[in-house]
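Visitor: Pasting in a structure now, in structure tokens, and then I'll have a few things to ask.
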Amino acid sequence: MDFYEVVFKRRSIRKFKETPVIEEVLFRVLEAGRWAPSAGNTQPWHFIIVTDVEVKKRIAHVCTEYSRKHWADFASETARYLAARGGSWDKSAMAKIPVLIAVCFHVPEKMREELALASAWTAIQNMLLAATAEGLGSCIYTFYNTEEENQLKEILGVPENHRIAALIQLGYSKAKPPKPSRKALEAIISYQHFKR
Ligand SMILES: Cc1cc2nc3c(=O)[nH]c(=O)nc-3n(C[C@H](O)[C@H](O)[C@H](O)COP(=O)(O)O)c2cc1C
């Protein structure tokens, strides 16, 4: 697939088939993450590949508990937008998604946390694009609060000095979500100075 085709084709997928993702494909996606840029080339990430159904069930249980609260806090417009794209506070289906990748990171010495976090997100974006190029669907899952992140850290045995930036849900798409809108380019750029 042409690069721009990948960029425009990538969508957040919230309904997955149970068809497994073969290791060769998964490793190409992980390689794309490995080659992402990172602050000072510190590569502060660690990717945990979760395919075990019992572990995924435990993750799904925690995510459902916190997503219930998260959705209660959403503006009704956001909840409607996500629901129209297969989103729900009920994350029990996560246990059936073929692969979850927990993208962890640590903060290298003398580095601002934002830079380590940003590095983890460059890897996430590379993996989302690679997944699209591989014909896979993906969706980011982020946490309601630190308590949720900590519960997942415990399930996954993530060391104290690491955080989880997000989970990537990965598998073959079951449905084609409607294309979301984007702000017009003229509305988000300006030359030389910030102009509204
Ligand atoms: C920082 C970040 C956090 C996100 N967290 C979630 C999430 O927790 N659950 C979810 O379903 N989608 C999540 N998304 C996906 C967005 O909802 C999605 O990118 C947006 O609606 C645009 O749709 P598209 O990805 O199909 O273009 C997240 C995206 C980003 C960049």
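Visitor: Compute the length gained on full extension between LYS57 and LEU185: take 0.36 nm times their separation in residues and subtract their Cα-Cα distance, giving the result in nm to one decimal.
Guide: Details: separation 128, 0.36 × 128 = 46.08 nm, distance 4.14 nm.
Extra length available between LYS57 and LEU185 comes to 41.9 nm.
Visitor: For segment 137-193, build the convex hull from the C-alpha positions and give me its volume per residue in Å³.
Guide: Numbers: hull volume 10.2 nm³, N = 57.
Per-residue hull volume (Cα only) is 179 Å³.
Visitor: Could I ask something else about it? More than 27 Å apart: what percent of Cα pairs in the chain qualify? Write down the numbers at each step before the final one.
Guide: Working: 6270 of 19110 pairs.
Distances greater than 27 Å cover 33 percent of the Cα pairs.
Visitor: Still on this model: I'd like to know how segment 13-127 sits against the 2.2 N^0.38 Å rule of thumb: what's its Cα Rg over that expected value?
Guide: Working: Rg = 16.2 Å, N = 115, 2.2 N^0.38 = 13.4 Å.
Its radius of gyration relative to the 2.2 N^0.38 Å reference: 1.21.
Visitor: Still on this structure, I have one more. Figure the gain on full extension for GLU160 and TRP121 (residue separation times 0.36 nm, minus the Cα-Cα span) and round it to one decimal in nm. Please list the in-between numbers first.
Guide: On the way: separation 39, 0.36 × 39 = 14.04 nm, distance 1.99 nm.
Stretched fully, the GLU160-TRP121 segment lengthens by 12.0 nm.
Visitor: Report for the chain the percent antiparallel among DSSP-assigned beta bridges with both residues inside it, nearest 5. Please list the in-between numbers first.
Guide: Working: 20 of 21 bridges.
About 95 percent, rounded to the nearest 5.
Visitor: Now, a different point. Could you work out the relative contact order of segment 3-188, using alpha carbon pairs under 8 angstrom and six or more residues apart, expressed as a whole percent? Numbers along the way, then the final one.
Guide: Working: 292 pairs, mean separation 69.7, N = 186.
Once divided by the residue count of segment 3-188, the mean separation gives 37 percent.
Visitor: Which of the listed residues, THR146, THR122, VAL7, is farthest toward the dipole's positive end in the chain, when Lys, Arg count +1 and Asp, Glu count -1 at the beta-carbon?
Guide: My answer, from the dipole projection, is VAL7.
Visitor: Roughly how many debye, to the nearest 20, is the charge dipole of the chain about its Cα centre, given +1 on each Lys and Arg Cβ, -1 on each Asp and Glu Cβ, and no other charges?
Guide: Values: 28 positive and 22 negative charges, 183 e Å.
The dipole magnitude comes to about 880 debye.
Here, each number is a calculation from the coordinates, and none is a lab measurement. Predicted model, so just to flag it, every value in this text is computed and none were measured. Cβ atoms come from the backbone with ideal geometry, glycine included; neighbour counts cover every protein chain shown.
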